[in-house]
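Colleague: The structure that follows is given in the form of structure tokens.
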Amino acid sequence: MAKNKATEFSRFFKENAATSELLDRDKETDSTPGISKANQLPKIDVQKPLEDDDLKREWNKLRNFFRNSNAHAQLGNLTPVLTSPYFAQSQVSTDFPLWVADEESAGQRESDCISLSDLLNHCISTFGKENEEPSILSNNVVRIVNIANGLLEGNPRHFAGAIAEVLSQLETTLDVTGDDEFAFNNDLAELRKALPTSGVLLPYSNMLPFQILEASIISSSLPARKDLAKSITKLTGQLNNMVLLETSKSGDSKNPDKLKSSMDVVQDRVNFDELSTLLPDSASQSLAEERLTRINNVLSTFTKHIDTLNTNAFIHLDEILSKDSSYNWKGLFEGSSIETFKAGKGSDTVQQSFNESAELLTPLFIAKRIAELEICDAYRAAVHDDYFENFDWQNLHKDELAACPPVIMIADDLELLDDELSRLSALFTRGYPINVLAVKRKTQINHGDNGLELKTNEFHSHAELGALAILHRNVYVSQSTAVSPIAMFNSIADALPLPLPGLHYVLSATGLSEKESYLWTSAAVEGREFSGFTYKGMLGTPWGSRFNILNNPQPECEWPEHSIDITNETGENSTLNLHFTFADFVALDPHCHHHFMPVPNGCWTDDLIALTSYLANDENENIGKVPYTWMMDSTNTLVKVAVSWTVVQACFDRLDYWKFLQENSGINNYHVTNALKEAEERIQNEFNVEISNLKDQHASELQAVRDEEAGQTMEKLASILLDLDTTSVIATSNSSAPTAPSIETSEPEQVQEEKSEEPAQEESLSTSEPWIETPLCTSCNECLDINGAMFKYNKDKMAYLADAKAGTFAQLVEAAELCPVSIIHPGDPLNPNETDLDDLIARAEKFN
Amino acid sequence: MFGLKPDVALDLPTRYYSLEGYEKGVARWCPGCGDHAVLTNMQKLLREKQLDPAKTVFVSGIGCSSRFPHYMNTYGFHGLHGRAFPIACGTKFRRPDLDVFVVTGDGDCCSIGAGAWVHAIRYNMNMTVLLLNNEIYGLTKKQASPTSRLGTVSNTTPDGSILPPINPVQTTLGVANASFVAQTVDWQPGHMYETIKAAYEHKGFSFVHIIQRCPIFQSGLVDELVSNRDAIRYMHHENGITVDDELAKTYKADIHHNPTDLEAALALSLKNEFIDIGLFYQNKNAPCYDDYGASNIGFSVEQKMEALENELDKYSI
């Protein structure tokens, strides 16, 4: 038989064989970095120093790469260290799936957009009792969310059907039996009652920004529009009654045929001709002709324009997006009118659309206002005729505007920044309450014409649509991504009903799988490439109060910082602090890998510095330095990877925009920091002056006392020497000694008195009611064997007194006597007619 | 990081096990026996950790307490007298994926099984060991055990035992590579639960000495121990075993003890003025022999045969 070294027994017992074998098996199941090695920390390999010549050669290569990048550089399977948790995305929980309200449920709950886990926790908290241990259900919220995510398979579903399936799957999976079954089923029934009956469950997908827009439209304007339609219907009824009443006052109503038709039961017995002559003319006053005309006009306006309220929104799509087959626009915005506009025509189109809708809706609101005035007979032609004559949409109240179907433009951001920019700016300046959803579909990194070439300047200073919109001052600007869907919903739903223009800049990762898209989007936020913020352009409010950047990872820092446990080069466990920078985000794009070069660990000299230090340093400090970022390979080994000059410049640019946002929202503000510094210096100076004054004062006082004491001592010494009388010195030193200890002796007595009172109180409470010290029960079955109805086990199998009346006092006493840990206290007999009570009470006494 | 929520959900078990899911049959111990309390606490621990019964094994030797595996709805091995440890070590050596628990008594562990006990401590394999010490041979109707107190009158010592008892905590601490030594009493279920939970969570040979009542053959001792709540002293430390504040308040005596200090632990174990409950000693970095035991797991029968043949070939002439 051929010798096979690999399978000799001796090899099995080699030290560390077990660990390496087991790890090898892990590797077979999953070779992606970062997962399945929970028990193996990321490690840094021992450094292998290079010979001087080699070192010089490597560094020349490195410096050359830094300035020019290297089209042949390969990152291989290296990934930024902090992205590794994402490779096991099934193991992390996010805000998904989301519950959003549909037309039926909009405005009925506290929030119209909430993560399923929050919704479940909220519902469970409504029926869970306070201070109770968590139920099986509340312990399994994460499981429910996981099941739901599995069920949705990336597609939205109606909530009622989906959650029913999820909960029945949960029942099957958990298979709860025994004592817990009843409580669990009860909780499930309560949960089903507490959950909403309608709405939509949304998974994470590339469509999310648009789904959120639809949900925001429904949530922000539908309830108001429903109310408006209802009040118009009511007004129509009231006005119709007025018209009817007016008709009944006319002579025509006394016509015998009219009378006959209105009294069909007694037609044979009444002479209607006679009746017609008998009836008097109307006593009440008729409506003025002009009022009647006005009312009829109002009614016809209602009939003509009310249909406009049936549209959810007027949506205008840019041609590029409308042709993109990955979006199903009709399905996304079912109740809205969708139209397409040509490149460069967006702003004009939406403005026209707004004017058209205003033409339809303004008369409706005028009619409504006139109707309300007419019903109260408060319409004064002298005042109101002129007012309504010149009434246009700008006179509408903000609540009325909020009830109008919003006019929305959806466009690709590059298009908006190109031909459309000046027109868009004009639109914003005019203050039309039009909302624009700008979609950033690709990474900001332009790949050049052939996808790989990257010119130095292409990374930096790209125009920021959000910042441009902010400069109009009166625009509601929000920037958000699908990884923080609730923030996205809140800002869009907040902006839609406002009488302001709105620009909502969203990131949509088309062309990537959902997992990649989530990673990429998160990294864009984390790397400050696409930071979330809102700017609420309400004129008149303080500038700083309009900004909010809290929906970003670590908004107070320049770059988010995280620490991970690692094994360092000496084999010891330590902690590595890492920043997630824009460079890490860029490294996720395979097209940009030539901007990164792994550095052999022999070259890790002092000239190789962390990218964040490079960015923070003065220019002079960076001379001769090359920045690096940490990356990790599939064996969890940490490697320093050099970053090209182009990417460094891009990092500067990103940091600059981030600081713009930070400063505007009051974080690290230049002026505030300076003012603080000045104030600190001023206070410190004042303090120093005060200290030195006090010191001088103290020194002079000290000197005075010393002089005085020296004089007195000399005098005393002189008198002692002269009189030889020593008693005066001894007497002064002992004068105040003996009184102090009296306080110490008095306190312990008081404490003892207090302590001795406590047991007396306890004893007076302990008799009468029977009870068990359940937490001390040792589950020995003794009491349950005596009476299983009187004593029962709780869910932790510890005995409690279920029903003291379910048995006799004799049984209670017997149980107390048998209990090996004496935790049953029989109390007083509940039934005074029980036999041998005196004897039982005597036996019970020692347990009470 | 990355805007991820911190409640990362890993490895959800396939189903939920309630307390009844771990119960099997009716425990045939005497009424009032301390074993009942240990059994219930163990079932509660398994419920909290949601251990898969098919991946859990209880190993015992001979004695009252060694009936334990019969009442757990998991895999179990009611072994030979004094041989719980070798069976458990063998199991863990070849099946590192299983959760192994050993339930042994003062006779099984400290008498006939003492040799295996010493080596099991040194091997420090990842398992939880409960020594249920009632200081008497109960199953065979009252004979003095190696842990019976001086002067214990029994069928084998009618004039009272004459040798000082083995102190299991002291003995365990004295063996090289001991990594987790704790003590509790069966009539303090709250403390016992926290102790066996800490033992389960420790990686290595977690030894829990449970001072236990035998209400039939040691009834006098039972009354004395249980009724005297002052006899217990609560060992506390941030790295030790902590019970909830309400329970902690009921202990009249307490002592601050650092469980990483082996000398202090030994000194404390020799003092008899109180029953000290809590963690005497823990060393999280002690080497575990089972880490080396599973090197050829996953090798097929053919590969093993081949290796055997290769080995035998060395001796062919």
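Colleague: Hey, what do the phi angles of region A:328-339 turn into as Karplus ³J(HN,Hα) couplings, whole Hz, using 6.51/-1.76/1.60 and θ = phi - 60°, x for Gly and Pro?
Modeller: Karplus-based 3J(HN,Hα) across region A:328-339 equals 9, 5, 4, x, 5, 10, 5, x, 10, 8, 10, 10 Hz.
Colleague: Please state the shape class of region A:570-639: rounded when a/c is under 1.5, otherwise prolate if a/b exceeds b/c and oblate if not, all from the C-alpha gyration tensor.
Modeller: Numbers: a/c = 1.59, a/b = 1.13, b/c = 1.41.
Taking the square roots of the gyration eigenvalues as a ≥ b ≥ c, region A:570-639 is oblate.
Colleague: To continue, here is another question. Give me A:Asp53, A:Asp187 ranked fewest to most by other Cβ atoms within 10 Å of their Cβ, as a rough exposure proxy.
Modeller: Listed from fewest to most nearby Cβ atoms, that is A:Asp53, A:Asp187.
Colleague: Which whole-Hz couplings ³J(HN,Hα) result when phi for each residue of region A:347-356 is put into the Karplus expression 6.51 cos²θ - 1.76 cosθ + 1.60, θ = phi - 60°, listed in order with x for Gly and Pro?
Modeller: Values, residue by residue: 4, 5, 4, 5, 5, 4, 4, 5, 4, 5 Hz.
Colleague: Excluding A:Leu151 itself, calculate the net charge of residues whose Cβ lies under 10 Å from the Cβ of A:Leu151, where each Lys or Arg counts +1 and each Asp or Glu counts -1.
Modeller: Working: positive: A:Arg157; negative: A:Glu153, A:Glu165.
After counting each charged neighbour, the total is -1.
Colleague: To test your reading of the geometry: what angle, between 0 and 90 degrees and rounded to tens, separates the Cα axis of helix B:189-201 from the longest principal axis of chain B?
Modeller: Its long axis makes an angle of about 20 degrees.
Colleague: Work the Kirkwood hydrodynamic radius out for the protein assembly as shown: mean of 1/r over every pair of different alpha-carbon atoms, inverted, in Å.
Modeller: After inverting the mean inverse Cα-Cα distance, the result is 38.7 Å.
Colleague: Further question on the same structure: I'd like the orientation of helix B:114-123 relative to chain B: the angle between its Cα long axis and the longest Cα principal axis, in ° from 0 to 90, rounded to 10.
Modeller: So the helix axis and the longest Cα principal axis differ by about 60 degrees.
Colleague: Where does the charge balance sit around A:Ser665 when Lys and Arg score +1, Asp and Glu -1, over other residues with C-beta under 15 Å from its C-beta?
Modeller: That sum, taken over residues with Cβ under 15 Å, equals +1.
Colleague: Something else: Taking the Cβ of A:Tyr204 as the center, what net charge do the other residues with Cβ under 11 Å away carry, scoring Lys and Arg +1 and Asp and Glu -1?
Modeller: Once positives and negatives cancel, what remains is -1.
Colleague: Output the peptides A:697-703, B:113-119 sorted from most to least packed, where packing is the average of other Cβ atoms within 10 Å over each peptide's residues.
Modeller: B:113-119, A:697-703
Colleague: Tally the DSSP beta bridges in region A:600-695 and give the antiparallel ones as a percent, rounded to 5.
Modeller: 60
Colleague: Continuing with the same structure: Any idea what the dipole of chain B comes to, in debye rounded to 20, about its Cα centre with Lys/Arg Cβ at +1 and Asp/Glu Cβ at -1?
Modeller: The calculated dipole for chain B is roughly 540 debye.
Colleague: In this model, which of A:Lys792/B:Lys249; B:Lys55/B:Lys314; A:Lys795/B:Lys142; B:Lys249/B:Lys271; B:Lys197/B:Lys271 are farther than 32 Å apart at the alpha-carbon? Mind dumping the intermediate values first?
Modeller: Working: A:Lys792/B:Lys249 27 Å; B:Lys55/B:Lys314 39 Å; A:Lys795/B:Lys142 35 Å; B:Lys249/B:Lys271 23 Å; B:Lys197/B:Lys271 26 Å.
Exceeds cut-off: B:Lys55/B:Lys314; A:Lys795/B:Lys142.
Colleague: Run through the DSSP bridge list for region B:32-157 and note the antiparallel percent, rounded to the nearest 5. It would help to have the intermediate numbers written out before the result.
Modeller: Details: 2 of 16 bridges.
Taking every DSSP beta bridge within region B:32-157, about 10 percent pair in antiparallel fashion.
Colleague: A further question on this structure: Out of all DSSP beta bridges with both ends in the protein assembly as shown, state the antiparallel percent to the nearest 5.
Modeller: Bridges in the protein assembly as shown that DSSP calls antiparallel: roughly 40 percent.
Colleague: Return the sequence-ordered ³J(HN,Hα) values of region A:120-126 in whole Hz as given by the Karplus equation 6.51 cos²θ - 1.76 cosθ + 1.60 applied to θ = phi - 60°, using x for Gly and Pro.
Modeller: Computed from phi, the couplings for region A:120-126 are 5, 4, 5, 5, 5, 5, 6 Hz.
Colleague: May I ask you to list the aspartates and glutamates whose Cα is less than 20 Å away from that of A:Lys515, ignoring any residue fewer than eight positions away on the same chain?
Modeller: A:Asp30, A:Asp95, A:Glu153, A:Glu526, A:Glu529, A:Asp584, A:Asp589, A:Asp633, B:Asp7, B:Asp11
Colleague: How would you order A:713-721, B:208-216, B:71-79 from highest to lowest mean count of nearby Cβ atoms within 10 Å?
Modeller: B:208-216, B:71-79, A:713-721
Colleague: Mind checking which lysines have their Cα closer than 21 Å to the Cα of A:Lys56? Skip sequence neighbours fewer than 8 apart in that chain.
Modeller: A:Lys48, A:Lys625, A:Lys640
Colleague: What is the set of long-range amide H partners of B:Phe180 at a cut-off below 5 Å, with H atoms built 1.01 Å from backbone N?
Modeller: Amide H neighbours of B:Phe180, under 5 Å, 5+ apart: B:Phe207, B:Asn283.
Colleague: Starting from the Cα of A:Lys716, draw a straight line to each of the aspartates and glutamates and keep only those under 15 Å, dropping any in the same chain fewer than 8 residues away.
Modeller: A:Asp707, A:Glu708, A:Asp725
Colleague: Listing B:Met305, A:Met597 from the residue with the fewest other Cβ atoms within 10 Å to the one with the most, what is the order?
Modeller: In increasing order of surrounding Cβ atoms, one gets B:Met305, A:Met597.
Colleague: If you don't mind, another one. Could you compute the FRET efficiency for A:Ser325 and A:Lys515, with r as their C-beta to C-beta distance and R0 at 22 Å, rounded to 0.05?
Modeller: 0.50
Colleague: How do B:Lys249, A:Lys226 line up, fewest other C-beta atoms within 10 Å first?
Modeller: The order, fewest Cβ neighbours first, is B:Lys249, A:Lys226.
Colleague: Helix-only estimate, please: 222 nm mean residue ellipticity of chain B, summing -39500 (n - 2.57) across DSSP H runs of length 4 or more and dividing by its residues, to the nearest 500.
Modeller: -9000 deg cm²/dmol
Colleague: Considering every residue in A:771-782, what mean count of other chain Cβ atoms within 10 Å of its Cβ is obtained?
Modeller: On the way: counts 0, 0, 1, 1, 7, 8, 5, 17, 10, 14, 7, 4.
Per residue, the average neighbour count from other chains is 6.
Colleague: Enter the mean number of other protein chain beta carbons within 10 Å of the beta carbon of each residue in B:20-33, as an integer.
Modeller: Whole-number average of other-chain Cβ neighbours for B:20-33 is 3.
Colleague: I would also like to ask the following. Highest mean first, how do A:480-487, A:681-688, B:282-289, B:32-39 rank when packing is the count of other Cβ atoms within 10 Å averaged over residues?
Modeller: On the way: A:480-487: 24.0, A:681-688: 10.0, B:282-289: 15.9, B:32-39: 25.9.
Going from most to least packed, we get B:32-39, A:480-487, B:282-289, A:681-688.
Read-outs: derived from the displayed coordinates by stated rules, not from any lab. Every value quoted in this text rests on a predicted model; they were computed, and no experiment measured them. Every residue, glycine among them, receives a Cβ derived from its backbone with ideal geometry; neighbour counts consider all protein chains shown.
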